[in-house]
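A.B. asks: Quick one: the structure is below, and I'll ask about it shortly.
The values are calculated or read from the model by the stated rules, or taken from the named source; none is laboratory data. Given the structure is predicted, the values throughout are model-derived calculations rather than measurements. Neighbour counts run over all protein chains shown; Cβ positions are idealised from the backbone, glycine included. Heavy atoms of the whole protein, side chains included, go into the accessibility calculation; ligands, DNA and RNA do not. Shrake-Rupley method; radii C 1.70, N 1.55, O 1.52, S 1.80 Å.
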Amino acid sequence: MNVYDFIFYLFAAITVLSAFFVVTNRNIVYSAFFLLFTFFGVAGIYVLLGADFVAIVQLIVYVGGILILLLFGVMLTNKITNVEIKTGTINIYPAVIGVGLLSGALLAALITSTWKTFPTEAPLPTTAALGTMLLQEYALVFELLGIILLIALIGAASIARREA
Amino acid sequence: MIEVGLNHFLVVSTLLFSMGIYAIVTRKNAIMVLMGVELILNSANINFIAFTRFGNFGLQGHLIALFVIVLAAAEAAIALAIVLNIYKTLSTVNIDEVDSLKD
Amino acid sequence: MITLILPNLSSDLLAILPEISLALTLVAIVVFDLIFSKSKRFLPFISLVGIVITFAFVVLQFGDPKSAFSVTGNNSFLSLDNFSSFFKILILITTAFIVLFSMSSQEVNSCPDRHGEYYALIFGMVIGMFFMVSANDLILIYLSLELLSLSSYVLAGFVKTSVRNSEASLKYIIYGSASSGIMLFGISILYGITGSTNLHEINSLLHFTAASQLTFVMAVLMIFAGIGFKISIVPFHFWTPDVYEGAPISITAFLSVASKAAGFVILIRFLKITFTQGLDKSGYWQMLPYIDWQLLLIVFSIITMTFGNFAALWQDNLKRMLAYSSIAHAGYLMLGVAVLSDQGLMAVLVYFSVYLFMNLGAFYVVMLIANKIDSEEIDDYKGLGYSLPLLGTALGIFLISLTGLPPTAGFIGKLYLFIALVDANMITVAIIALLNTVVALYYYIRVLKAMFLTKSEKHIVVKLSPLNYTVLFLLIAPVLILGIYFTPLINLAKESIQLLGF
Amino acid sequence: MTENSIINISLAILFLPLLGFVVTLLLGKKVKSIYLFEVFLITVVLIASIFLAFSKLSYFIDDKIVAELEWFRLSDTLVFNLGFLLDNITVLMLFVVALISALVHYFSIAYMKGDERYNRYFAYLGIFTFSMNGIVLTNNILMMYIFWELVGLSSYLLIGFWFEKKLASDAGKKAFLVNRIGDIGMFAGILILFLTYNTFSFDAIFQAIGAGKLPFNSDFWLSVTGILLFMGAIGKSAQFPLHVWLPDAMEGPTPVSALIHAATMVAAGVYLTIRIFGLLTADAMMFIAVIGMLSAFIPATIALTQNDIKKVLAYSTVSQLGYMVMALGVGAYKFAFFYLVTHAFFKACLFLGSGSVIHAMHHEQDIRNMGGLRKKLPLTYATFLIASLAISGIPLTSGFLSKDGILASTFAFGSLTGYWIFAIVGFLVALMTAFYMFRLIIITFHGEPRDHHKFEHAHESPFVMAMPLAVLAMLSIFIFYTPNPFSADQGWFFNKWINSAELHAPNATRFDFMQSEVATETEQTAEHNSSHGEITYSEKYTEAMHSAHYPAMYLSLFVALAGILTAFVFYQWKKVNVDKLANSIKPLYNFSLNKWYFDEFYHKTFVAGLLGLSKIIAWFDAKVVDGIVNGSAEVTRRLAFFTGGFDKYVVDGLVNLMAYISGFIGLIFRRVQTGKVQTYLVLVIFSIIILLFLF
């Protein structure tokens, strides 16, 4: 087991275990906290896969943005005096069976399949190349994302703002 | 032990995906459900980047992952706004209690 | 030194003039709303102007298929073919109607200070649909689908104070984000199999793939879950009745027509470009092996129409009934796709064109009546045929057309569909579909019965404005005219079935 | 005058009544006198149809004018057309329809006065006229079927016009349902034709048959196709065994009976048979002849004893239609059409006359309460008498000319093939016809009034009602058809206006006397001149007809007079005690009075069969379904329904059963719609898994 493998197992464990706590913990604040570790773990995996820029974005946007947003949501929808912010679950048994079957099938599908693989090379910095692609080939998608963000802004503001 | 390869990453992403689905269908709290959605999006992103890395597909996968992250942010914003609105009108964020529309 | 990879940016930008004009209209609405916040009543007119201009651009593009934003060869992001132009026209017509609907919708008018957002979000939906109908790349498909969804999540809950609206919105976003998440995962697997997200490229790469069948089916099914969510085919339809019932009627109508149309375009493009090997002599698509595509689609469509029709039988709420009926119609449309031939495709186009008018019409009448009596329960429609003869008759015409009886346009839609089925020797399927229309007859007739064959003491008066009359006329006229004289529509559809790069 | 203007006129004739329908229906509630618009339009149609017939017969007498328009195109070979076919028969038929329709409109102005849905009634007349014109004008069988159904629909509306009366709405329903049985056959026939020839056009089909292309390549299937198509006629022309609806349909307003059930709609069946005559084989013709014979005979015996003035006329209509159908069956194509036209006039006259009587007697229909009306209603009496003479076949009337022709044809047919039964039945029916018609006249108009109160209040009808009677009675005189009162052969109507039929069925499948080897020289040249088909009447047949003419004439005259005389002996001079006679042949009398127990028979067989089935279903429902659903209130209600009266069950039962089953399935489906979005998502996951295992 070389260092690379070790790092992989570390991050994989962080990701999967914390994700497990996210979905099973009854206290929603703890869940949110574990979600932070999951995102960190995923970012680590990105780094392992040579996606440095994506990893950074993952940290900034997910941890710095989405997670904070979710936490705000938690606080705004619970009375702050509640010490334990617990939430229940429904559909446990069918969900366990269904998800079990689905993940079994998925695992089988993904592992048994032969993928096009090439020997991996040493990862290069991707930021500059990504920037170029984003404004060249993917200019259209880039613009579309702009519209999506505008719509998200308008939509979220429209719903959340106080009625005049 | 086998050397870490594509399959290892795929296993991680599948587990993440399954747990995301599990959260979506079992947790009562709407915000927990949103966390589940984020897990699914993350698992798909791991797939994209892993395939890019091992299949030598260029940087396309990275870009897709970036797009998905941006989209996840937009979606989370709108979803939270809607959840807050539900909380304002029904004083609950438990999805199973929001079932007045049914047959 | 950056090398220019998009050498023909100017021509590409010209090619997306309709989309640009839509985006500019969106911006114009937002800006106008901000600056002249006292004159919101001009917003619909700005929207209509934007629609008309866009319409002109789309019509100019018709007949001149080209691809835009290509990186290498024909692997472009957008296919601006007649097929997409046809659906763009349908979407624009629907949008224009929805804007006109909204002008007299009580639900929308109850939140006057948020009209700016309302119309801006409608344009968000339209832009999303425009990209959907011409998108040629899975990632573009995913993003435009999300654009459409995000706008519609908000619009479904537009009246924030209404519990129904808020509930619809919450259910919609949870169901929708889960479906699109599953779809994204499916896309990622397909990307892993082929290494590309471009539909054409995937098609050529799929010929040499070594991926196992299980993987392939998994990916396809997961992507289908996302598309099926948009076009509400069983078993991905569960959100439809709840959201349709809960959302404002104008938005329900929009979702049931335009958003479904865009979803179908994705389905068709995805199937035809990605998974066909070519055409055989009689114009049927030869699909790639791995999956019995036809069986899959037939199973989907038969379950969908049967479920939709049977569930509709029990509905007491007209909006909900129309929701189930729209599921059933998705089943019929799916049958047209399941034929896997250009003829089936033509049937889909024809069906959609007539479905647009009849479905919008039904929703419009329901909206006008709901404005007054504040109810969509069929029980409250008793005797309406007598107290509101015009609206009653109009609804009658739309429902008869939805049933598919001559001499209305609905009949023509069904006729072409059945002809395509019979031509493809899918007799059993055709018979099942026919039996389904018989079931459909029951619940449509039920409304007519309530309106015309039961008396009610209540006397309801609905004052219609000239605008209402105009819109009603604009909807009835095509339903009746296309039922008799439909050659132009057929010709147009025939010209529009060609997909670019195929 | 060009072909174009002819087509334009016929377009106007077709669509003006539709315009009348739409306008009258829409403005009916607001504008009280809008019916005048419909009346005006139908007058225009009448004038136009006269003009059309005149131009066609003067300028284009030998031409077939065809106008076609592409309706829609499925592929290059599969084109659906809308088209007109104008030959002499078409224009004559158009004229008949327009004339009778117009007269009925005028008549109704007074007859329906005061009805609360006055305008609605005229609107219905408009749509009926439109549909009937459509049947007459079309050149392809698909359009014919469409208009056929439209006619059925509008007649349903008119029969059930007074739907507050249960009998009327039931009669409407019965007519609709019985007709549907015939239409199923017709539709099957159309499907066979379309599958074989890929076209609906009569001409194209005939040409293909002439070229030797047969359905499934067999003569047998050609016969079957002909018979299937003819089934449509059985329904619409109320032929045996589907004749049961027509007498019931008398519940509709009387002018409607005159229009629909005497002259036009019921004639549509005959018209259809005339149109498809070219493809009939000997077997099919034999079938048609037998049906016609039975339909002529059975109702005639029933009419002998009926006491409702309209019922008598209804059964007589069925019987006379049977004549026409029988005439077609024995190959007397021209006489069949001739009789169609003449019968339309005098039967419409009779119906309108009966309407006049009923109007005068304040809606009394039972002839036993009438009598002596001759003095009160002189004009009605005179016209009724002329029409009765015509239907009985007394010389100088149109009925004599045409009926005599049919009888002569059956005679000739007998001598050519040995099937004399048609001739025998033909004369028997002629005897009975004369008898029951004069029984009707004597009891109604002669003798002493039986209901003095009503008699005192009876009064002659106003001009708008009298005028149609006079016109129709006039048209029952021979002079409009031929200068020679004893033979139609030299007349313009028979000789010049109606062409002989074109035959297309393969030679081997025809009757001997219709085969083309025996066609004469001149007819062969005629064949070369016209591109279509060939002429039927072989020399052999002409000769047989010729030799049959005089015997048939004398014999028919004799039986008619005998019938009339008997009627006078029985009812006028009372030489024979009728009641006693009836008593002495009680079974026979009852048999006739109860209409051969047809309705009862149908009830006993079909209804009882369905009832038995329903019991089985009910048992199944009680034991099995009930067990599953655990005695829900719904099932109990259904059970009560199943054991309830079967009258309602026949019509509604199957429909309800289906609705119940569908509803049950729907109930299962809606269970999944719990309103909980997460449950939905679980279901989605399971669906994906199931689909994954399926594919």
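A.B. asks: Can you tell me which lysines have their Cα less than 18 Å from the Cα of residue C:372? Leave out same-chain residues fewer than eight positions away.
C.D. replies: C:319, C:382, C:458, C:463
A.B. asks: Checking a compactness column here: for the protein assembly as shown, what do you get for Rg(Cα) / (2.2 N^0.38 Å), N being the number of residues?
C.D. replies: Normalised Rg, Cα atoms only: 1.10.
A.B. asks: For residue D:428 paired with residue A:33, estimate the spin-label separation in nm (one decimal), with each label point 7 Å from Cα along the Cα-to-Cβ line.
C.D. replies: 10.7 nm
A.B. asks: Per-residue HN-Hα couplings for region D:5-19, Karplus 6.51 cos²θ - 1.76 cosθ + 1.60 at θ = phi - 60°, whole Hz, x for Gly and Pro?
C.D. replies: Here the 3J(HN,Hα) series is 5, 4, 5, 4, 4, 5, 4, 4, 4, 5, 8, 4, x, 5, 4 Hz.
A.B. asks: What is the helix-to-structure angle for B:60-90, meaning the angle in degrees between its Cα long axis and the longest Cα principal axis of chain B, kept from 0 to 90 and rounded to the nearest 10?
C.D. replies: Value to nearest ten degrees: 10.
A.B. asks: Here's another thing I want to ask about it. So the label point goes 7 Å from the Cα of residue A:96 along Cα→C-beta, right? Which residues of region B:13-42 then have their backbone N under 18 Å from it?
C.D. replies: B:18-28
A.B. asks: Right, another one. Report, as an integer, the average count of C-beta atoms from other chains found within 10 Å of each Cβ along A:48-58.
C.D. replies: The per-residue average across the peptide is 6.
A.B. asks: List the residues, sorted by chain then number, that are 5 or more residues from residue C:66 or on another chain and whose placed amide H is less than 5 Å from its amide H.
C.D. replies: Those lying under 5 Å, H to H, from residue C:66 are C:80, C:81.
A.B. asks: Taking the Cβ of residue D:148 as the centre, find all other residues whose Cβ is under 15 Å away and add up their charges (Lys, Arg: +1; Asp, Glu: -1).
C.D. replies: +1
A.B. asks: Let me know the Rg and Dmax you get for region D:168-228 when you use only its Cα atoms, in Å.
C.D. replies: Looking at region D:168-228, its Cα Rg and Dmax stand at 15.0, 49 Å.
A.B. asks: Shifting gears a bit: In region C:235-342, with Lys and Arg counted as +1 and Asp and Glu as -1 at Cβ, which of these residues, C:306, C:250, C:238, has the Cα nearest the positive end of the dipole, that is, farthest along it?
C.D. replies: Toward the positive end, the furthest listed residue is C:250.
A.B. asks: Also, I was wondering about something else. Please report Rg over Rh for region C:433-493, where both radii come from the alpha carbon positions and Rh follows the Kirkwood definition.
C.D. replies: Here the Rg-to-Rh quotient is 1.11.
A.B. asks: Find the lysine pairs in region C:1-291 meeting two conditions, Cα atoms under 20 Å apart and a separation of 8 or more places or different chains, and report how many there are.
C.D. replies: Close lysine pairs under the 20 Å cut-off: 13.
A.B. asks: Follow-up. If a/c stays under 1.5 just call it rounded; otherwise compare a/b with b/c (prolate if a/b is bigger, oblate if not). Do that for region C:1-291, with a ≥ b ≥ c from the square roots of the Cα gyration tensor eigenvalues.
C.D. replies: The shape class here is oblate.
A.B. asks: In the neighborhood of residue A:144, defined by Cβ-to-Cβ distances under 12 Å, what is the net charge if each Lys or Arg adds +1 and each Asp or Glu adds -1?
C.D. replies: -4
A.B. asks: Another question about this same structure. Distances over 13 Å make up what percent of all Cα-Cα pairs in region C:224-292?
C.D. replies: More than 13 Å apart: 70 percent of the Cα pairs in region C:224-292.
A.B. asks: Taking R0 as 45 Å, what FRET efficiency do you get between residue C:13 and residue A:68 from their Cβ-Cβ distance, rounded to the nearest 0.05?
C.D. replies: Computed FRET efficiency for residue C:13 and residue A:68 comes out at 0.75.
A.B. asks: Where only protein heavy atoms count, and the probe is 1.4 Å, what is the accessible area per residue for region B:6-95 in Å²?
C.D. replies: 16 Å²
A.B. asks: A follow-up question, please. If the reach is capped at under 27 angstrom between alpha carbons, list the lysines near residue D:454, excluding any in the same chain fewer than eight residues apart.
C.D. replies: Qualifying lysines at Cα under 27 Å: D:113, D:165, D:166, D:310, D:311, D:347, D:375, D:376, D:574.
A.B. asks: With angles folded into 0 to 90 degrees, how steeply does helix C:409-423 sit against the dominant principal axis of chain C? Use alpha carbons for both and round to 10.
C.D. replies: Around 40 degrees separate the two axes.
A.B. asks: Treat each spin label as a single point 7 Å out from the Cα along the C-beta direction, and report the residue C:498 to residue D:36 distance in nm.
C.D. replies: The two pseudo-label positions are separated by 6.1 nm.
A.B. asks: Does anyone have the angle between helix C:318-338 and the longest principal axis of chain C? Alpha-carbon axes, 0 to 90°, nearest 10?
C.D. replies: In chain C, helix C:318-338 runs at an angle near 30 degrees to the longest axis.
A.B. asks: What does the charge count near residue D:449 come to, summing +1 for each Lys or Arg and -1 for each Asp or Glu among other residues with Cβ under 14 Å from its Cβ?
C.D. replies: Net charge around residue D:449: +1.
A.B. asks: To the nearest µm²/s, what D does Stokes-Einstein give for region B:6-95 at 37 °C and 0.692 mPa s, using the Kirkwood radius over alpha carbon pairs as Rh?
C.D. replies: 232 µm²/s
A.B. asks: Next question, about the same structure. Can you give the FRET efficiency for residue D:188 and residue C:286, using 1/(1 + (r/R0)^6), R0 = 30 Å, r = Cβ-Cβ distance, to the nearest 0.05?
C.D. replies: 0.25
A.B. asks: Ranked highest first by the average count of other Cβ atoms within 10 Å around their residues, in what order do C:250-259, C:310-319 fall?
C.D. replies: C:250-259, C:310-319
A.B. asks: Using the alpha-carbon centroid of each, what span in Å lies between region C:373-392 and region D:343-419?
C.D. replies: If you average the Cα positions of each part, the centres end up 52 Å apart.
A.B. asks: In addition: Just from its helices, what would the mean residue ellipticity at 222 nm be for chain A, if runs of 4 or more DSSP H residues each count -39500 (n - 2.57) and the sum is divided by every residue, rounded to the nearest 500 deg cm²/dmol?
C.D. replies: Estimated from H runs of four or more residues: -22500 deg cm²/dmol.
A.B. asks: Next question. With a 1.4 Å probe and all protein chains left in place, how much of the accessible area of chain C comes from carbon and sulfur atoms, in whole percent?
C.D. replies: Percent of accessible area from carbon and sulfur atoms in chain C: 69.
A.B. asks: Taking springs between alpha-carbon atoms closer than 10 angstrom, which of A:141, A:16, A:99 fluctuates most in the Gaussian network model of chain A?
C.D. replies: Judging by the Gaussian network model, the answer is A:99.
A.B. asks: To continue, here is another question. About its Cα centre, what dipole magnitude does the protein assembly as shown give when the only charges are +1 on Lys and Arg Cβ and -1 on Asp and Glu Cβ, stated in debye to the nearest 20?
C.D. replies: 3620 debye
A.B. asks: OK, next. For region D:224-364, what ratio Rg/Rh do Cα atoms give with a Kirkwood hydrodynamic radius?
C.D. replies: We get a ratio of 1.00 for region D:224-364.
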